[in-house]
Every structure is written in C-alpha cells, then in structure tokens.
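Read-outs: derived from the displayed coordinates by stated rules, not from any lab. Just so it is clear, the model here is predicted, and its values are computed rather than measured. Methodologically, a virtual Cβ is constructed for each residue, glycine included, from the backbone with ideal geometry; neighbour enumeration extends over all protein chains shown.
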Amino acid sequence: MEDELASSMAILGATWGGAKAFTVTSGPGFSLMMEHIGYAAMTETPCVFVDVQRGGPSTGLPTLPGQADMMQARWGSHGDYEIIALCPNSPQECFDLMIDAFNFSEEYRTPVLLMMDECVGHMTEKVIIPPAEDIKIYPRRYTSLPPSEYLPFRPGPDGIPEMAKVGTGYRAEVTGLTHDEHGYPAMNWQAQHKLVSRLVGKIRNNADRIARWEEHGLEDAEIVLVAYGITSRVAERAMQMARAEGLKVGLLRPVVVWPFPDQRIREWASRVGAFVVVEMNYGQMVYEVERCAASQARTLLLGHGGGMVHEPQEILKTIREAVQ
Amino acid sequence: MSTLTTINPVEPFLRTDRMPHIWCPGCGIGTTVNCFARALVESKLPLDKVAVVSGIGCTGRVAGYIHLDSFHTTHGRAIPFATGLKLANPDLHVVVYSGDGDLIAIGGNHFIHAARRNVDITVICVNNFTYGMTGGQVAPTTPVGATATTSPYGCFERPFNLPFLAESSGAVYVARWTAYHVRHVAHAMVEAFQKKGFSFIEILSPCPTLYQRRNKLGDGLDTMRYYKQHSIIKNGAHTRDVDIDLQGDITIGKFVDIERPTLQQTMDQQLRQTLKDRYVGRGGA
C-alpha cells in the first residue's frame, strides 16, 4: 500500500472480507496507524499491528533500537479503549507471540499490538516452527444466528459480539461512530456509556487471563528488575553479575505488557525492597510499576534514550544503589 | 388496468429504520442514492455480494443508509478499506461511495494509487464543491473565485479536474454526470458495476446550505436548472478538457471505457509465475 494510513485500513477491510490480516511498521509509521487502531477498537475488528521500535521522536533512529512507543501503544489513538500488546524478546517469541496475538484479537475482537524493538527485529536465532496441526488457532467468532435474528453489535454473555460473514446476506452496518447493537450511529451519552464501557470492560475484566510474564530468580529476591523485549536479556545478564556479588536480585519480564500484570507487581511489592525498571526510554512502563508498587516498595528507573542497549554494568550499578 | 402500488421500488435498498436521513432539503446526495438503487435493480447484481464502503462527510453517510453489507470507515480511507475487502473476498462487488473532500483531499493519495493498481472497485464521488458536513470549507474541487468559509474573498487555488485525475492515474472507466441527469447516472452505475477494474463516476450535486448559499447561487432547484442549461454531453471528450469553472458550462458524459488487467489479475499472474504451485490465491479473477 502507499502509506501506513492505507495499510492499516486495508488490513481492516481484509479482516471483514474474511482474512486474517496484519501490518508492520516502525517509528513514524506507527504514529500514522493510530487512527485505525482506534477504528479497529471501535468496530471490534480482529487484526494485528507490529511496531518494531526505534529511537524517536520523529524520524529518530531508523535501524537502531528504542522502546519509547510503549505508552503510545496503550494510549495512542484518541478516545477511551483498552488494548492488548505483547513484547517478544527473541525470534522464537516473535513467531510464538504472533500466533498468540492473532488468537487474542479473535477472542476479544480487538486490535493486538506486537511491540518489538530493532534488536529483536533484526536478530538471527534458531526458531522452532511446530507442525501446523500443533498450532492452536482461535477461530473467528462467526454467528450461527440467521440474518433475521442477528444484531451485529449485540454482545454475547462474555461481552463480545459475534461477527457475520460479509457477502452472506447479513447486511450489517459497521461504523466508527458510537453505535447501538444494530451497528447504527447513536449520538447520545447512554449509547456512548454502553458501548465504550463494554469495549474497555472486555479487556479489563479479563486482564488476569490475558496478562503473562516470566520470572527469574525471584524466590529470595530483595531487588526485582523489570524489563521487557531486548532489554530483558541485558537485565538477565546484570542479574547474574549481581548474584555473583551475593546480591539477591531477580527479574520479572512482562510478556504481555498491556494489560499490565498489576496483581503480580503488587504481590512482589509487599515482599521486596525495590523495583529497578530498565527500559530504552526515559520512563514509561516505570509508571505502571510505580503505580502498582504504591508505597510498598521503592521504584527506580534506569532509562536510556535508545540507539543501543544498556550495558549490563550500568544495570549492576543501579542494582547496587537500590540495595542501599 | 394497472394497479397502484404504495411500495417505493427503492425502499428495499434502504435502512428505512434509520430515516429520516441527515441530508438537507435540495441536496443531491439522496438523488444519487435513488439512482444507485435503480442501478442495482437493473444490473441484477446478487445483492448479498454487494458491499458499500464510505468515508466521512455527508456522502460518507450513504453506506449507513443502504441496506447491504456497509462500512462507514474513517475520513479519506474508504478506498484502502475497500482494497483490503476486495482482495480478501474477490467475489464481492465493492462500491466506494463518498464525497469530493473525502476521496480527493484527505483520501487523494489512495484514490490515485487504487486507480494506478486498477483495483476492481467502483468509486462513486458526489462532488458538491465543498465540505458540507463541517461547515463549507474550501475543497480541492472548489472552483476558482468561489466563496467558502475558508475562502471568504474567493478561492484562488486551482481545483482538481476529477475525470482527468482518474484517467491519468489509470482508471478504466470514467464518467461525469450531475444530479439532474438521473437516468444517465443510473446507467453509468450499471456500466461501472459491470466493468472489471477501477471505475469512477463523478456526480455533481447541489449543496444549497453551504456552497450555493455562500455563492448566492439560489437553492437546489436553481442548481438543477443550471445543470440542465449548462451541461454539455460530450461522450469520449478528452478528460484534460473538462475543467469546471465557477458557473461556466460543464462537460459531462462517459469519457473513458478501456480494458486493462486488474490488480487481482496482475497479482495472480505474477505470483503464479514466480511461485508456481506454491501460490495459493483467494479466488476471483
């Protein structure tokens, strides 16, 4: 397609046409796609957006890494919505999480973001591709009701409506305007509340089911490193160095970054002294950790403007500061 | 003796539970929708396989009023949505129905690229020379000298000549009619539906609330009279010669009707040639 506005809209047309569709971008292209992330959220169109993060703002650092689009992933399109975003830290996970991303998008009828960074995006590693029959696919939620009984945006018991196959006589209307269960525009606050609270609720109420993270060496930890994407691999090295010095350090890596694993951070906050958030930006996910840690544990940020990954030694230095 | 019927033949094509519509008295958009319904009847397209895609604006509301699979998309992006829809589901007849501001200003880039690729869709552009829904701002179709909210001293930008833009970008069918020429409009739609590739119909239409009123051109009826008196039918005219001046004569007719492989055809051919039996298409032709 001619630009990111077009590609991000073409995938939504393709989804309604019956295909599974995704688009990939980096940097400014992600900004251009924001409107259609919102349109996909509003029209409950399953699809996947991949953002290979570079340093920014603007054109920034093409081909060099960054992790500064994490809040844009969460809040980038205007209006209220919830989003699902995953953060792979290896080529294997790029493969595995892409499948999960599509499955989440079908299950919750929502756009899903795969938030990579340049390092993971350009990395070469062994990838094991399982036999096709071993890959679990969440099927599209097509309705079995006849057209006369079908309402395109009537939620099921789980708050999620079923889709109709275009071209089979359902003649559904789909709009980015606030709409009722018929899919008809409804310009009033009651319709807005009903629709948007459902869009937000279908993710928020399932946040515990969607959230996913990995833990390393947390059993006896007093300090918890929080890192995602390529940065989690540098943090793991720093953790080993700290352990060699006898420091009780563990690592928590959000794999699903949105919704954020609030509950898990709260649990650790009551047991550890401090969180050290390591990320290639000047502070984004650290606010989530700080929010969940509340006043139970200190939260330190080791930020970085992007362009190259952290040095394990700088992380080690921050760990030592956190111990004091 | 014939019996009287109370059923409007257009009614089955409308979401009557969404009436009244938003269009102003004297607006030409509803007239074009009437033509569209009649063209669907005449063309005998399988209606369950027709999808209508609109952008934003007064004409952008068309998709929502038509009782078919219909998509009211974002501003300017109806054509990319339609491209994805058509490629994923080649059995559909995909019609993009939107206004000049939506298709040619904010969506202008997609318009030229879809014509270049020869995506097999029909694009119907209702051109009222202004942004109606947002208050009558200058559009890329506003004639030089015309007054708009954002050109209170007269528009001084050269407007696009839409048929010329469409043809030079690669459209295989290009016609221009007005909301006065209802039979020609319906007939052009039938031809466009049957055409393989990017077909484009521009329909000039009054906006009495904003364009006509600001330019002291009377109401919808006065505009119909103007269309009647100043339209010159020149089928086959060169599109470079069909510019529109403020209240000058208007050249209308079918300008382009050629054959060229569609995006689907060139894609299938290229990928089959390169990938051989590894290529799995999605059907269609």
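Miscellaneous remarks
- For chain A, the average shadow cast by the Cα convex hull is 18.2 nm², which is a quarter of the hull's surface.
- When the P(r) of the protein assembly as shown is calculated, the portion above 30 Å amounts to 58% of the C-alpha pairs.
- Whole-Hz ³J(HN,Hα) from phi, Karplus 6.51 cos²θ - 1.76 cosθ + 1.60, for the stretch B:102-113, glycine and proline x: 5, 7, 10, 8, 5, x, x, 4, 5, 4, 5, 6
- Between helix B:220-230 and chain B: long-axis angle, C-alpha atoms, 0 to 90°, nearest 10: 80
- Taken as Cα centroids, the stretch A:290-305 and the stretch B:27-88 sit 51 Å apart, rounded to the nearest whole angstrom.
- Peptides A:169-179, B:78-88 ordered by average Cβ neighbours within 10 Å, highest first: B:78-88, A:169-179
- Between helix B:182-194 and chain B: long-axis angle, C-alpha atoms, 0 to 90°, nearest 10: 20
- Set of aspartates and glutamates near B:LYS228 by C-alpha distance (under 17 Å), chain-local residues within fewer than 8 positions excluded: B:GLU202, B:ASP219, B:ASP245, B:ASP249
- Neighbourhood net charge (15 Å Cβ-Cβ; Lys/Arg +1, Asp/Glu -1) for B:HIS75: -2
- Ignoring lysines fewer than eight residues from B:LYS44 along the same chain, the ones with Cα atoms less than 23 angstrom from its Cα are A:LYS165, B:LYS86, B:LYS195, B:LYS196, B:LYS254.
- Residues whose placed amide H lies under 5 Å from that of B:PHE255, excluding near-sequence neighbours: B:VAL174, B:ALA175, B:ARG176, B:GLY236
- Per residue of A:14-26, other chain Cβ atoms within 10 Å of the residue Cβ number 4 on average.
- Cα long-axis angle, helix A:28-43 against chain A (0 to 90 degrees, to the nearest 10): 50
- Cα-based convex hull volume of the stretch B:27-278 per residue, rounded to whole Å³: 114
- 5 angstrom amide H check on A:ALA68, placed H, neighbours 5+ away: none
- A straight Cα-to-Cα reach below 27 Å connects A:LYS317 with the lysines A:LYS248, residues fewer than 8 places away in its own chain not being considered.
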